[in-house]
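Take a look at the structure below.
The values are calculated or read from the model by the stated rules, or taken from the named source; none is laboratory data. Everything numeric in this text was worked out from a predicted model, so none of it was measured. Virtual Cβ from ideal backbone geometry, glycine too; neighbours counted across all protein chains shown.
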């Protein structure tokens, strides 16, 4: 083999390494340590000592779902090993990772507003949009430090044994305990609940932001005597409705779908006046596996095939609208992010939450405790 051809082969391997198609071990085995490494070092490839990429989500069924949708195929395609950690990437936990001086996390599945906040604090690194194709999601779903991994909604569900097909369709209906008597359940952590209260109080949907927190809390006071529980987990919200303890609930659409199936249609729901939100991929600053594998993983996770798989397993809406081309008519009907369902819903404003979350949540939780 001539020197020029050998060099060309090495350059081809370098391009494959940059694209994540081969790992360091394969590169060295293919070309030989002495021939490949000096050129590789000059090429700007970062190998990060073959450390596994640690992807952190919220545990439970999402551990298996992420593996099936994304991590197994990523490892097969790139040779990069991935470990899923279900510890829950709260803002506090992410800050603790960086404060320790020895972070063990790489890619995290965070609230979109958290990506904005932590990015501003330089706890997250800017996403590399030369690797990640930003235009695969709608502009509102991407920021400098986060890009939507999937979407989900807060919707109204009701017991059809009490209200038949004509359950509450507006948040004014939800607050109307004379027309729709019975106990309610609302989300403990405020997201969407302030908006619901303001809509119930007559604020037009296009004038919600900036949220009038005091007005929203006063409206929540009106319904508090009829709220059996402010749920903090999807399982809790589901059980309250399965057992018939509440007649109406503001819950995640993924749980509403399961409820409808598990109760053979007794619990019904719709996307009417729901609140759509997104979770985002983000990467910790100085992540141990290196920036390049993390960015490659995010790009992989934005592809329609994996997003469809996650939808099939968990019901989360895809962030990449190209996924809809792979969906059946029935799947589109259940997809919170389909064009038809988006028309019925209101998008939560990530920037408002980034700017006001801590203070508004403190007010909300204080009011709930009274």
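Just a yes or no: is a residue in region 54-75 surrounded by fewer than 20 Cβ atoms within 10 Å (Cβ to Cβ), modelled with pLDDT of 95 or more, assigned to a loop (DSSP other than H, G, I, E, B) and not assigned by TED's automatic domain parsing to the domain that holds residue 192?
No, that holds for no residue.
Report those helices (runs of 4 or more DSSP H) wholly inside region 264-348 carrying at least 1 residues which are closer than 18 Å to residue 80 by Cβ and assigned by TED's automatic domain parsing to the domain that holds residue 83.
Once the helices (runs of 4 or more DSSP H) in region 264-348 are filtered for at least 1 residues that are closer than 18 Å to residue 80 by Cβ and assigned by TED's automatic domain parsing to the domain that holds residue 83, what remains is 291-301, 304-314.
Out of all the residues in region 122-140, which are closer than 21 Å to residue 90 by Cβ and surrounded by 14 or more Cβ atoms within 10 Å (Cβ to Cβ)?
123, 124, 125, 127
Given (1) buried (at least 17 other Cβ atoms within 10 Å of the Cβ); (2) free of Cβ contacts under 8 Å to residues at least 60 places away in the same chain; (3) touching a strand residue (DSSP E or B) at 6+ places or on another chain (Cβ under 9 Å); (4) farther than 19 Å from residue 271 by Cβ, where does residue 201 come up short, assuming only one miss?
Of the numbered conditions (1) buried (at least 17 other Cβ atoms within 10 Å of the Cβ); (2) free of Cβ contacts under 8 Å to residues at least 60 places away in the same chain; (3) touching a strand residue (DSSP E or B) at 6+ places or on another chain (Cβ under 9 Å); (4) farther than 19 Å from residue 271 by Cβ, the odd one out for residue 201 is (3).
Within region 113-128, which residues are part of a loop (DSSP other than H, G, I, E, B) and in contact (Cβ under 8 Å) with a residue 60 or more places away in the chain? Don't jump to the end; show me each part of the working.
Pass one, region 113-128, residues part of a loop (DSSP other than H, G, I, E, B): 121-123, 125-128.
The answer is 122, 123, 125, 127, 128.
Find the residue count for region 204-245, including only residues that are in contact (Cβ under 8 Å) with a residue 60 or more places away in the chain, within 17 Å of residue 174 (Cα to Cα) and assigned to a helix (DSSP H, G or I).
Summing the residues that are in contact (Cβ under 8 Å) with a residue 60 or more places away in the chain, within 17 Å of residue 174 (Cα to Cα) and assigned to a helix (DSSP H, G or I) in region 204-245 gives 6.
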